[in-house]
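Down below is the structure, laid out as C-alpha cells.
The values are calculated or read from the model by the stated rules, or taken from the named source; none is laboratory data. No experiment lies behind these values; they were computed from the predicted model shown. Neighbour counts run over all protein chains shown; Cβ positions are idealised from the backbone, glycine included. Quick note on the areas: whole protein, heavy atoms, side chains included, nothing else; ligands and nucleic acids left out. Shrake-Rupley method; radii C 1.70, N 1.55, O 1.52, S 1.80 Å.
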Amino acid sequence: MSNMDLLFRTIYVFSSALLYPVMILLTLLVFVSLIQLGEFLSEYSKRGRDRNSLEVSCKKIRQSLHNSAFSEASKALLNIKQNYLVTTFAKESAQYLEEQNFPAIGKLSEEYEIKMAKRLEHTKIISTVSPMLGLMGTLIPLGPALIGLSQGDLETLAQNLMIAFATTVVGLFSAGIAYVLSQVRRRWYWEDMSDIDYILDIIEEKSGN
C-alpha cells in the first residue's frame, strides 16, 4: 500500500467516524433552538416598553438630583417599570445612587451590556454552527453512497442519501430559528440599552457637576 493510499484511507475513516457525532450534535442543536424559541416567546410576552413612563421617571430623577435629594432619586429609580433588563438595572443602581457611588452605576451598565451580548451568543452560535454541521452531514454519507452506486448496491445508496438530505434540512431548520431569534433580540436589546444609557446620562449630569 502506497503512502497516498494510506493517507486516503485514514482521511476517509476519520471523516466517516464523524458522521454519528455530527448527527448527535445536530439533534442537540435542534432541541436547544426549540428551547430558545420557548424562552423567546416567554420574553416577548413580558416585554412592555413605555417611553412616556420612562420620561416621567427620569424627570423626577433629574429634579431630585438637582436638589441633591439622592434618596428621592433612588425611589424614583425603583419606580421605573420597563422591560425586564431595564427594570432590574434601575433597581440595582438605586442603591448605588443613594450612596452617591456614580462609578458603580457606570460599571453596572457595562455589565448589563455584557449580559445582553451573552444572551445573544447562544442563538448566534447555533445559527453559525448548524449549517456547518448540516453540510458535514451531507458530504460524509456521499462517499459510501458513491461506493454503493459503483457496486450496484441501491439500498446503501438510498440510505446514505436519506441521511445526507435529512442532516441538511435539520441543520437549516435550527439555523433558521436561531437566526430569526438573534435578529429580533438584537433590536430588543438595542432598545433596552438605549433606555439604560438614557437613565445613566441623567445620573451622570449630577456626577459631572
FRET efficiency for K46 and V169, Cβ-Cβ distance as r, R0 = 22 Å, nearest 0.05?
-> 0.10
How far is the Cα center of segment 144-171 from the Cα center of segment 38-89, in Å?
-> 58
How far apart, in nm, are the 7 Å Cα→Cβ label points at E99 and E121?
-> 2.7
Would you mind computing, in nm to one decimal, how far apart the modelled labels at E113 and V184 are, each placed 7 Å from Cα along Cα→Cβ?
-> 2.7
Segment 1-122 - accessible surface per residue (Å², probe 1.4 Å) | 65
Eligible lysines near K118 by straight Cα distance, threshold 28 Å, same-chain separation 8 or greater = K46, K81, K91, K107
Per-residue ellipticity at 222 nm for the chain, helices alone: DSSP H runs ≥ 4 residues times -39500 (n - 2.57), over residue total, nearest 500 deg cm²/dmol?
-> -31000 deg cm²/dmol
Acute angle (nearest 10 degrees) that the helix 51-66 long axis makes with the longest principal axis of the chain, alpha-carbon atoms | 50
Helix 19-46 versus the longest principal axis of the chain: what is the Cα-based angle in degrees, 0 to 90, to the nearest 10?
-> 30
At a Förster distance of 25 Å, what's the computed FRET efficiency of T88 paired with I35, Cβ-Cβ distance as r, to 0.05?
-> 0.65
On the protein heavy atoms, probe 1.4 angstrom, tell me the percent of accessible surface of the chain carried by carbon and sulfur.
-> 63
Can you tell me the FRET efficiency between T27 and K81 if r is taken as the Cβ-Cβ distance and R0 is 45 Å, rounded to the nearest 0.05?
-> 0.65
Which whole-Hz ³J(HN,Hα) couplings does segment 195-200 yield from phi under the Karplus relation 6.51 cos²θ - 1.76 cosθ + 1.60, θ = phi - 60°, glycine and proline marked x?
-> 5, 5, 5, 5, 4, 5
